[in-house]
1. Within the range 25-65, how many residues are more than 21 Å from GLY123 (Cα to Cα) and in a strand (DSSP E or B)?
2. Residues VAL138, VAL82: which one is in contact with a strand residue (DSSP E or B) (Cβ under 8 Å, 6 or more places away or on another chain), modelled with pLDDT of 95 or more and closer than 23 Å to ALA27 by Cβ?
3. Residue under question is ILE95, and the condition is that it be in a helix (DSSP H, G or I), touching a Gly at 6+ places or on another chain (Cβ under 6 Å), aliphatic (A, V, I, L, M) and surrounded by 19 or more Cβ atoms within 10 Å (Cβ to Cβ); does it hold?
4. Checking ASP91 against (1) at negative phi; (2) at pLDDT 95 or above; (3) touching a helix residue (DSSP H, G or I) at 6+ places or on another chain (Cβ under 8 Å): exactly one of these is not met. Which one?
5. Under 7 Å between Cβ atoms, at least 6 apart or on separate chains: pull out the pairs that start in the range 190-216 with a residue that is touching a residue at least 24 places away in the same chain (Cβ under 8 Å) and end on any residue that is outside any loop (DSSP other than H, G, I, E, B) and surrounded by fewer than 18 Cβ atoms within 10 Å (Cβ to Cβ).
6. Scan ARG97, ARG48, ARG56, ARG41 and give me the residue that is basic (Lys, Arg), touching a strand residue (DSSP E or B) at 6+ places or on another chain (Cβ under 6 Å), outside the structural domain of ASP158 (by TED's automatic domain parsing) and without any contact (Cβ under 8 Å) to a residue 60 or more places away in the chain.
7. Hey, among GLY200, GLY211, GLY174, which residue is modelled with pLDDT of 95 or more, surrounded by fewer than 21 Cβ atoms within 10 Å (Cβ to Cβ) and in a helix (DSSP H, G or I)?
8. With respect to the numbered conditions (1) of a type outside the set (Asp, Glu); (2) under 13 Å from the mean Cα position of the chain (by Cα); (3) under 23 Å from ARG147 (Cβ atoms), which one is the sole condition not fulfilled by PRO29?
Amino acid sequence: MVAQRVSLPYRPPYDWDAVMGFLAARATPGVEAVTTAGYRRTIEIDGRSGTLAVSRSSRESALDVAVTLPLVGAQPAMVERVRRLFDLDADPAVITRCLGSDPLLGGILEQHPGIRCPGAWNGFEMSVRAILGQQVSVAAATTIAGRLASRFGTPVDDDGGLDRLFPSPAQLAGASIEEVGVIRTRAECIRRLARAVGDGSIAFSVSVEPGRLIADLLALPGIGPWTAQYIAMRVLGDADAFLTGDLVLRQMAGGCTARELEQRSEAWRPWRSYAVMVLWQGAKERPPTPRSGK
């Protein structure tokens, strides 16, 4: 194996802890891992499997990346994917100028300067993970994603607990996904997505306009606006995607309706995806509501 190492700069500040917390909660067992050292995952490029590791750099305002593959190559493409995954091209100052004056967002932003909107290493993988997460907790979806990878993913040499590639569209297009505890309608949605990606009718390239991808996703039975917007946010880096019906966002905004939240979010354009991340972070840290009674 040949290790390729590169240091990737970003505009400070960068809320590393928030990014790691977000990725850790959603890391697919066997495929991804987040530890105190950083983020690691299995990858496949041009039929060659290896690992990716990202950590904080000893340099100021940079992340260190180590990619281990059998052969050296494709570094520019790998660098671009890592930059999207860790949202290294965001300009925190511009985002804060837009969002920081809102009383709902400003206090959280002060506690988390440089909050980012993590992307995805692989668009299909992230989309499957989003579908698995429909109407279940983040923890439950992560567990099911691990089962899916273990059952259908390609085994690789164990590297500290990473022993699977996430299943490809070809591996899931006809798979009995129900075997790992996925309900039938959701399993069929994943199979339809896999076939659509396989025949090219859905593409996760960053050159695709978010509106086009969202429309293509909504055409698949089983994918609604929340899932389509979330995929656009994470896969394409759509900075203005917004999850209008998200229950946590509505609760953070005072228990408003989806329509009221949509109206309020107009003031957050064109950075509504970052508003989502700010509010999710705030909800994660909000003290639990005391229960009445015993």
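1. Going residue by residue through the range 25-65, those that are more than 21 Å from GLY123 (Cα to Cα) are 35-38, 55-64.
Restricting the remaining residues to those that are in a strand (DSSP E or B) gives 35, 38, 55-56, 62-64.
Going through the range 25-65 one residue at a time, the tally reaches 7.
2. Values: VAL138 fails: in contact with a strand residue (DSSP E or B) (Cβ under 8 Å, 6 or more places away or on another chain).
Within the list VAL138, VAL82, the selection yields VAL82.
3. Values: in a helix (DSSP H, G or I): yes; touching a Gly at 6+ places or on another chain (Cβ under 6 Å): no; aliphatic (A, V, I, L, M): yes; surrounded by 19 or more Cβ atoms within 10 Å (Cβ to Cβ): yes.
Judged against the criteria, ILE95 is not a match.
4. Result: ASP91 passes all but (3).
5. GLY198/ALA170
6. Testing whether each residue is basic (Lys, Arg), touching a strand residue (DSSP E or B) at 6+ places or on another chain (Cβ under 6 Å), outside the structural domain of ASP158 (by TED's automatic domain parsing) and without any contact (Cβ under 8 Å) to a residue 60 or more places away in the chain leaves just ARG48.
7. On the way: GLY200 fails: in a helix (DSSP H, G or I); GLY174 fails: in a helix (DSSP H, G or I).
Step by step, each of GLY200, GLY211, GLY174 is checked, and only GLY211 is modelled with pLDDT of 95 or more, surrounded by fewer than 21 Cβ atoms within 10 Å (Cβ to Cβ) and in a helix (DSSP H, G or I).
8. Among (1) of a type outside the set (Asp, Glu); (2) under 13 Å from the mean Cα position of the chain (by Cα); (3) under 23 Å from ARG147 (Cβ atoms), the lone unmet condition for PRO29 is (2).
The values are calculated or read from the model by the stated rules, or taken from the named source; none is laboratory data. This is a predicted model, so every value here is computed, not measured. Every residue, glycine among them, receives a Cβ derived from its backbone with ideal geometry; neighbour counts consider all protein chains shown.
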